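Here is the structure we will look at, set down as structure tokens.
The values are calculated or read from the model by the stated rules, or taken from the named source; none is laboratory data. Keep in mind the model is a prediction, meaning the values are calculated, not measured. Neighbour counts run over all protein chains shown; Cβ positions are idealised from the backbone, glycine included.
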Amino acid sequence: MNSKKTRAAIVGTGSCLPDRVLNNHDLEKMVETSDEWIFTRTGIRERRVAAEGQTTSDLGAEAARRALKAAELTPDDLTLIITATITPDFVFPSTSCLIQNKLGAHNTGGFDLSAACAGFVYATIMGARFIEADPTQTVLVIGAETLTRFTDYTDRSSCILFGDGAGAAVMRATSDGRGVMASEYGVDGSGGEFMKLPAGGSALPASAETVAKRLHYMQVNGRETFRFAVVKMADLVTETLEKSGLTMDDVALIVPHQVNSRILTAAAERLNISMDKLYCNIDRFGNTSAASVPIALDEAVRNGRIKTGDVIVLVAFGGGLSWSSAVIRCGFFINYSSLLLYSFWSHFFCFLCFVSCFCCWFCCFSWFNCCFCCWFCCCCWFNCCFCCWFCCCCWFNCCLCRWFCCCWFCSFCFCCWFYSCFFSLGRSFLNFFFLVLSANRNQT
Ligand SMILES: CC(C)(COP(=O)(O)OP(=O)(O)OC[C@H]1O[C@@H](n2cnc3c(N)ncnc32)[C@H](O)[C@@H]1OP(=O)(O)O)[C@@H](O)C(=O)NCCC(=O)NCCS
């Protein structure tokens, strides 16, 4: 692997799910089905439904704000927005234009990408290509859907599957080995009939008749897509890994399109891997088409399933038929402003220690006792040598200043020992707080 090569890394992720939950028991009241049937056949327990008036662009814009926050960038840093969706607010203007306006991003281009469930991974590959061609680009890729607006709640075989939501990722150039290492994509239009939304396009414009025949709702041939998905997912992962020069042993996590837990289990068997290697959240969100991979990715980043240096595979497939996958090496996103803040507070506490030591300078009784206690005080030791180990700024600050404070000044005074332990404890809490913060910002 050439670590000097410019690649596109994901530097921040975000997601947004509507508040309203539609669970299987709610569906039991709408169609002839049962929680047991739905869960055993699909792995879905519940899904989210957008509130009245809440649109695909609303969900996409909120996911984008969260991704920008995680990347510590502003909307004006963006140069391109690619929104993958099959449920846009309008045929035109594009959802990317609406999101650009909602974000207040003034320096960006944008367009929508239609590749059904494979859309977000397509957008990620496309974003990577833009960045490789021009490393100054900052690309926002979004997968956003309000599928429930196009779901026929009289068709029990399809209405149990879909949910609403959005996920986003900010991509930038890196040459440190992180980024999109290999990708694959394809389509097979001969399978277009398996999943489609028949009316509302130029082939069958909206009319009273199309509405009466419920042709503005999605139609899904579950069995055919099931077969296609199992084979395609396993083959795609294998081919993309081969292209990247890596093997399955190098992969920490596969983040697949959340289509059906049985499909994921069957694909895992074909790949000869355990289910632990597949991220699965379909039980809570159902199939959210282009939004499913970025929602799962954001969740995996935030709950620590993806760590520094991990290789992950994004893989998706769906209507079209279409498919896409990407092998990505993840890295630790260095959060400089948190580091500065951390450094400031560390110095502040050191200063307090110093003041307390200095004040007590004149109080010289039992200095030997103090020196001895201080030396063995695990609080100070832990704080100085262990926690601060994680941060080079603080390491310097800690091992030099604190050593100086604790072991030299404090050695003269028992009071200081108390103070330094007290402040050390404070610093330990602070260390812990910032370590948790950094862990939450562990971006791909
Ligand atoms: C839809 C899906 C769950 C159906 O599961 P399945 O095991 O293939 O079920 P089948 O379609 O073979 O139907 C089996 C039976 O259950 C019935 N059934 C279908 N939906 C049902 C429901 N919600 N509740 C109870 N029974 C149901 C069928 O009518 C059928 O009955 P029959 O044998 O008397 O005709 C499954 O095929 C699937 O998840 N496919 C992927 C679809 C998808 O998500 N595509 C989107 C893009 S990737």
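Structure notes:
- Any hit, region 95-113, residues being closer than 30 Å to Cys330 by Cα, of a type outside the set (A, V, I, L, M), within 14 Å of the ligand (Cβ to nearest atom) and surrounded by 24 or more Cβ atoms within 10 Å (Cβ to Cβ): no
- Any hit, region 14-24, residues being assigned to a helix (DSSP H, G or I), within 30 Å of Phe226 (Cβ to Cβ) and among the β-branched types (Val, Ile, Thr): no
- Exactly one residue out of Ile82, Ile38 is modelled with pLDDT of 95 or more, of a type in the set (Val, Ile, Thr) and within 13 Å of the ligand (Cβ to nearest atom), and it is Ile38.
- Residue match in region 145-156 (condition: of a type in the set (A, V, I, L, M), assigned by TED's automatic domain parsing to the domain that holds Ile295 and crowded, with 16+ Cβ neighbours inside 10 Å): yes
- The lone exception for Asn303 - which of (1) more than 11 Å from the ligand (Cβ to nearest atom); (2) touching a residue at least 12 places away in the same chain (Cβ under 8 Å); (3) within 15 Å of the chain's Cα centre (by Cα) it fails: (2)
- Number of the exception - Asp235 against (1) crowded, with 16+ Cβ neighbours inside 10 Å; (2) under 30 Å from Thr74 (Cβ atoms); (3) among the charged types (D, E, K, R): (2)
- Subset of region 218-242 (residues that are in a helix (DSSP H, G or I) and among the hydrophobic types (A, V, I, L, M, F, W, C)): Phe226, Phe228, Ala229, Val230, Val231, Met233, Ala234, Leu236, Val237, Leu241
So that you can scan it fast, the table gives a plain yes or no per residue for (1) assigned to a helix (DSSP H, G or I); (2) polar (S, T, N, Q):
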position: Ala105; (1), (2): no, no
position: Asp112; (1), (2): no, no
position: Ala118; (1), (2): yes, no
position: Met126; (1), (2): yes, no
position: Arg129; (1), (2): yes, no
position: Gln137; (1), (2): no, yes
position: Leu140; (1), (2): no, no
position: Ala144; (1), (2): no, no
position: Arg149; (1), (2): yes, no
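- Failed criterion for Glu193 (all others in (1) in contact with a Ser or Thr (Cβ under 6 Å, 6 or more places away or on another chain); (2) more than 19 Å from Glu145 (Cβ to Cβ); (3) within 16 Å of the ligand (Cβ to nearest atom); (4) modelled with pLDDT under 95 hold): (1)
- Selected residue (criterion: nearest to Ala296 (Cα to Cα)) from residues of region 163-177 that are surrounded by 24 or more Cβ atoms within 10 Å (Cβ to Cβ) and not charged (D, E, K, R): Gly167
- Across region 207-217, not a single residue is classified as within 30 Å of Ile81 (Cβ to Cβ), of a type in the set (Gly, Ala, Ser) and in a helix (DSSP H, G or I).
- Residues of region 260-305 that turn out to be of a type in the set (A, V, I, L, M) and assigned to a loop (DSSP other than H, G, I, E, B), as a count: 1
- Thr240 closer than 19 Å to Tyr185 by Cβ, near the ligand (Cβ under 9 Å from one of its atoms) and surrounded by fewer than 24 Cβ atoms within 10 Å (Cβ to Cβ): no
- Of all residues in region 196-230, those satisfying the criterion of being of a type in the set (A, V, I, L, M) and within 13 Å of the ligand (Cβ to nearest atom) are Leu197, Met218, Val220, Ala229, Val230.
- Among the residues here, Asn260 does not qualify as within 16 Å of the ligand (Cβ to nearest atom) and closer than 30 Å to Thr174 by Cβ.
- Residues being crowded, with 18+ Cβ neighbours inside 10 Å and either of a type outside the set (Val, Ile, Thr) or away from the ligand (no atom under 12 Å from the Cβ) (or both) - total across region 263-279: 7
- Test: residue in region 156-170 that is of a type in the set (Val, Ile, Thr), away from the ligand (no atom under 16 Å from the Cβ) and over 30 Å from Thr238 (Cα atoms): no
- A single member of Glu52, Glu32 is within 16 Å of the ligand (Cβ to nearest atom) and assigned to a loop (DSSP other than H, G, I, E, B), and it is Glu32.
- Qualifying position, being among the aliphatic types (A, V, I, L, M), closer than 30 Å to Lys69 by Cβ, in the same structural domain as Gly127 (by TED's automatic domain parsing) and crowded, with 16+ Cβ neighbours inside 10 Å, among Val180, Val220, Val230: Val180
- Residue check for Ser94: touching a helix residue (DSSP H, G or I) at 6+ places or on another chain (Cβ under 6 Å), at negative phi, hydroxyl-bearing (Ser, Thr, Tyr) and assigned by TED's automatic domain parsing to the domain that holds Arg172: no
- Residue match in region 71-90 (condition: more than 26 Å from Asp188 (Cα to Cα), touching a Gly at 6+ places or on another chain (Cβ under 8 Å) and part of a strand (DSSP E or B)): yes
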